[in-house]
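The values are calculated or read from the model by the stated rules, or taken from the named source; none is laboratory data. Everything quoted here is computed from the prediction, not taken from an experiment. Note: ideal-geometry Cβ built from the backbone for every residue, glycine included; neighbour counts use all protein chains shown. Side chains are part of the model used for accessible areas, which takes the heavy atoms of the whole protein and leaves out ligands, DNA and RNA. Shrake-Rupley method; radii C 1.70, N 1.55, O 1.52, S 1.80 Å.
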Amino acid sequence: MFTFKLVRRCGTALRTFTSTARRSHENPLGLPFRPPSAPQMPRRGGQIQKRRIEHVKKVIVVASGKGGVGKSTIAVNLAFSLAMLSHRPRVGILDLDIFGPSIPTLMGLQHSDDPHLTSAGALVPIVNHGVPTMSMGYLVPRPPPNSIEFEGAIVWRGLMVQKAVQQLLFDVDWRDADGSGPGLDVLIIDMPPGTGDVPLTLGQLVFVDGAVIVSTPQDVALTDVRRGIHMFKKISIPITGFILNQASFLCPSCNTAHELFGTSTNASRLGIPLLAQLPLVGGVSWGGDRGIPYVLEGKNGADKDGRAGEMWRDAMNEAASKIWGLVHS
C-alpha cells in the first residue's frame, strides 16, 4: 500500500497530507476531504450521469488499443500544436495512464516537486513550457536524478484505479495557480493502452468531444487499434480520426520514403478519417527523452532531421488545425 504525500499551500505555510488505509479505496490519491465533486459510480443498476470537467471547455482523448505506438508522444506534441494555433487556445494535458505514466518524462517534469493543493483541496497542475499538466507520475515516489532504481510501481485492483481516475478527472483545478482565470479551452487526455477500467470510467463519467486514435502501420498494431475504436463507439465517444505514426522513413540522401513497418493502405481499413501520417524522425524520440516536445523546436529541430523533420512538424500542426475545427463544428 502506498502513502502519497501532497503539499497544500495555506498562505506561506506548507502542510503535508497522507492517505490512510481506512481511506484508501475511496481516496486513493490521499487528498484532503472535500465535498464530492464528481459523479459517483452507481451501485448495481444505477444510472450514471455524465458531466463536464470544471473549467474545461473541450475534452480530446488520445488513445490506442495498442501500447508502444507513440501515443503519449503524439498527445504532448498535439497539445502544443493546438496551443500554437493563431488564436492561442489554452491547452492542458492530463495523463490517465495510472500504471505507466509517461507525461512527466515527456514534459521534463519527472523530478518536479509534489503538486500543491488549492484551499479547497484540489490538485494544482504542474506547468512546463507554458502548458499545465497532471499525472499519476507526480503522485508516486520518484527516484532521485540519475538513479537506476525505481520504487514507484502502482499495484492496484480495479476499484482503486476507478477512484484514482475520478479524482484525476474532477479534483484538478485547471485555472491559473492562484485560482483565477477562465480555465482551459482544450484538455488533452493521454489514455493508457487497452480497453479496461480507465477508458470505461472516463466514458461513463465525462462528456468527451473527440477521440484521436494513434497507430503504427503493422497489422498486429492495427488489430488492437480496431478493438479500441469499437470500444469508443460502444461508450458513445465520438472518434475524430486517426494519426498514423512511423508511417515511413525518409531517406536523407535520396528523399525517398520507405514504408518500413507496413503500407499506409493497411490503416485505411480502420474506416475513420486520417488526420496525419508522421514519418519516422530521430529528433522526436530525442526530444521526448529530454522533455522537449518536437514541435517546439520549430525549424531548428526540422533542420537537424532534414525534410523528414519538417514533414513531421507540418503534419502535426495540420492535424491540430483539423481537430480544432472538428471538435468546434
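When T240 is tested against (1) closer than 30 Å to M160 by Cβ; (2) touching a strand residue (DSSP E or B) at 6+ places or on another chain (Cβ under 9 Å); (3) among the β-branched types (V, I, T), exactly one condition is not met: (1). When A267, A276 are checked against the criterion of being modelled with pLDDT under 90 and under 21 Å from S321 (Cβ atoms), A267 stands alone in meeting it.
Let's see how each residue does on (1) of a type in the set (S, T, N, Q); (2) open to solvent by 10 Å² or more (accessible area, probe 1.4 Å); (3) touching a helix residue (DSSP H, G or I) at 6+ places or on another chain (Cβ under 6 Å); (4) part of a helix (DSSP H, G or I):
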residue	(1), (2), (3), (4)
A164	no, no, no, yes
L168	no, no, no, yes
A177	no, yes, no, no
G181	no, yes, no, no
G194	no, yes, no, no
A211	no, no, yes, no
V220	no, yes, no, yes
K233	no, yes, no, yes
Q246	yes, yes, no, no
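Residues in the stretch 20-34 that are modelled with pLDDT under 75 and either hydrophobic (A, V, I, L, M, F, W, C) or part of a helix (DSSP H, G or I) (or both): 4 in all.
Table: residues versus (1) in contact (Cβ under 8 Å) with a residue 24 or more places away in the chain; (2) small (G, A, S).
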site: E54; (1), (2): yes, no
site: K57; (1), (2): yes, no
site: G65; (1), (2): yes, yes
site: G70; (1), (2): yes, yes
site: I74; (1), (2): yes, no
site: N77; (1), (2): yes, no
site: M84; (1), (2): yes, no
site: H87; (1), (2): no, no
site: R90; (1), (2): yes, no
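Entry remark, the stretch 93-102: residues being farther than 23 Å from Q246 by Cβ and crowded, with 22+ Cβ neighbours inside 10 Å number 3 in total.
Residues in the stretch 54-92 that are farther than 20 Å from N245 by Cα and part of a strand (DSSP E or B): V56, K57, K58, V59, V91, G92. Taken over the stretch 103-124, residues that are among the polar types (S, T, N, Q) and open to solvent by 40 Å² or more (accessible area, probe 1.4 Å) amount to 3. Would you be able to say whether some residue in the stretch 138-150 is under 15 Å from the mean Cα position of the chain (by Cα) and either outside any loop (DSSP other than H, G, I, E, B) or modelled with pLDDT under 80 (or both)? Checked the stretch 138-150: at least one residue is under 15 Å from the mean Cα position of the chain (by Cα) and either outside any loop (DSSP other than H, G, I, E, B) or modelled with pLDDT under 80 (or both). Of the residues making up the stretch 97-104, at least one is more than 17 Å from A319 (Cα to Cα), of a type in the set (A, V, I, L, M, F, W, C) and either free of Cβ contacts under 8 Å to residues at least 40 places away in the same chain or assigned to a loop (DSSP other than H, G, I, E, B) (or both).
The conditions of being assigned to a loop (DSSP other than H, G, I, E, B) and over 24 Å from W156 (Cβ atoms) are not met by S112.
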